[in-house]
1. Quick one: plug the Kirkwood hydrodynamic radius of the range 62-157 (C-alpha pairs) into Stokes-Einstein at 37 °C, 0.692 mPa s, and report D in µm²/s.
2. Extension gain D286-S56, at 0.36 nm per residue separation less the Cα-Cα distance, in nm?
3. State the percent of C-alpha pairs, over all pairs in the range 20-67, separated by a distance greater than 13 angstrom.
4. T331 to A255: extension gain in nm, 0.36 nm per residue of separation minus the Cα-Cα distance?
5. Could you report the chain's accessible area per residue, 1.4 Å probe, as an integer in Å²?
6. Counting only residues 5 or more places away or on other chains, whose amide H sits under 5 Å from the amide H of I32 once H atoms are built in the peptide plane?
7. If contacts are Cα pairs under 8 angstrom and at least 6 residues apart, what is the relative contact order of the chain in percent?
8. Decide, for the range 1-146, between rounded, prolate and oblate: order the square roots of the alpha carbon gyration tensor eigenvalues as a ≥ b ≥ c, take rounded if a/c falls under 1.5, and otherwise choose prolate if a/b is larger than b/c, else oblate.
Amino acid sequence: MTLELRQVTKQVGAETHIHPTDLTLAEDGFNILLGTTLAGKTTLMQLMAGLERPSSGSIHTGGRDVTGVSTQARNVSMVHQAFINYPHLSVFENIASPLRVARVSAEDIKRRVGEVADLLRLAPMLDRRPAQLSGGQQQRTALARALVKDSDLVLLDEPLANLDFKLREELRDELPRLFRDRGALVVYATSEPHEALLLGGHTALLHEGRVIQFGPTEEIYRHPATLRAAEVFSDPPINHAAIQKRGDAFHLGAASWPGTGPAAGLADGNYILGLRPHHVTIEPADDRAVRVEGDVLVTELSGSESVAHFDLGGRIWVSQSHGVHPFAIGTHTAFYLDTHRALIFDTDHRLVAAPGGGHG
């Protein structure tokens with residue numbers, strides 16, 4: 001199964017929801033659409049499913065143009081973040097509903113529903129109604145309905161967004177296993193970069209209706225083509241600031257450090273430093289860490305991590321450190337930059353050096 005978008009656009013009135021998009025999804029593993037709210041993830045999925053028709057361009061599955069083909073005529077399943085189940089039907093009938101529409105025999109329905117219910121640990125609940133289920137069980141029911149259909153294309157639109165933390169972690173771990181070896185092309189939309197990294201596969205970065213980069217998830221995390229791509233793939237937001245290279249050293253205000261690795265070969269001039277928050281810490285990672293100072297503006301505690309927003313030369317930076325650290329708002333505080341993990345962009349915001357990689 002393949003899915004290809006050729007110069008696809010979506011216009012709603014005067015607004016452009018999807019700008020001209022060429023995208024060929026990977027056949028193996030998950031294909032992730034990563035972007036903030038209103039980046040275009042859901043619209044792109046609706047176009048892939050046939051729920052919306054593109055304003056221009058074409059969509060091809062298995063080499064066939066399906067642009068004008070209805071959703072009902074395609075072998076597609078879609079799971080939304082809301083628990084969409086039929087309230088008047090049992091869990092068994094909810095899962096079986098696409099098979100009944102397809103006129104599958106009663107014997108096959110019983111077998112296939114039983115198999116997927118065992119897989120998703122729903123077997124003891126098949127006689128219940130959705131209202132009698134927990135949130136996680138309701139979402140499992142929706143996933144089971146997508147699995148039992150054996151669709152060529154499965155679209156998962158932020159399916160874990162409404163679940164509590166524990167359930168999200170549990171189902172996130174299960175999803176790749178559930179779809180492994182089923183022969184389906186799976187597209188998963190999320191606004192959370194760490195979720196994309198956990199799922200792996202390939203990721204398309206979306207920003208304001210544009211796919212700005214697509215490739216193996218870990219590769220585009222480590223080598224975002226542009227500063228914008230790095231911003232999409234960082235939460236909290238990536239820190240960035242203007243720097244200068246003079247001779248063997250880079251300079252950020254009063255701080256400086258020697259260029260190493262790919263960055264050492266850059267010509268003298270102006271660049272942009274990009275550094276993710278977990279590489280800006282309250283304690284030095286090693287003796288090569290670069291010390292900077294700034295006034296603490298906002299602090300957050302998140303589980304076993306401490307986050308501080310601070311003013312660095314008139315720009316707000318974010319530090320994310322392991323452990324609980326007692327930041328005091330308004331205090332002038334030292335932070336340490338792990339510049340060996342830095343991304344270096346040129347003044348046109350294109351990546352020119354990254355840790356462990358060449359110029360790009």
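1. On the way: Rh = 13.8 Å.
Answer from the Stokes-Einstein relation: 237 µm²/s.
2. Values: separation 230, 0.36 × 230 = 82.80 nm, distance 5.35 nm.
Residue separation times 0.36 nm, minus the Cα-Cα distance, leaves 77.5 nm.
3. On the way: 709 of 1128 pairs.
Value for the range 20-67: 63 percent of Cα pairs lie more than 13 Å apart.
4. Working: separation 76, 0.36 × 76 = 27.36 nm, distance 1.95 nm.
The span from T331 to A255 would gain 25.4 nm if fully extended.
5. Values: 17070 Å² over 360 residues.
On a per-residue basis, the chain sits at 47 Å².
6. Those lying under 5 Å, H to H, from I32 are Y188, H202, T203, A204.
7. Answer for the chain is 15 percent.
8. Values: a/c = 2.37, a/b = 1.84, b/c = 1.29.
Since a/c reaches 1.5 and a/b is larger than b/c, the shape of the range 1-146 is classed as prolate.
The values are calculated or read from the model by the stated rules, or taken from the named source; none is laboratory data. Bear in mind that the values here come from a model prediction, so they are computed numbers and not experimental data. Here the Cβ is made from the backbone with ideal geometry for all residues, glycine too, and neighbour counts use every protein chain on show. Remember, those area values only see protein heavy atoms, side chains included, never the ligands or the DNA or RNA. Shrake-Rupley method; radii C 1.70, N 1.55, O 1.52, S 1.80 Å.
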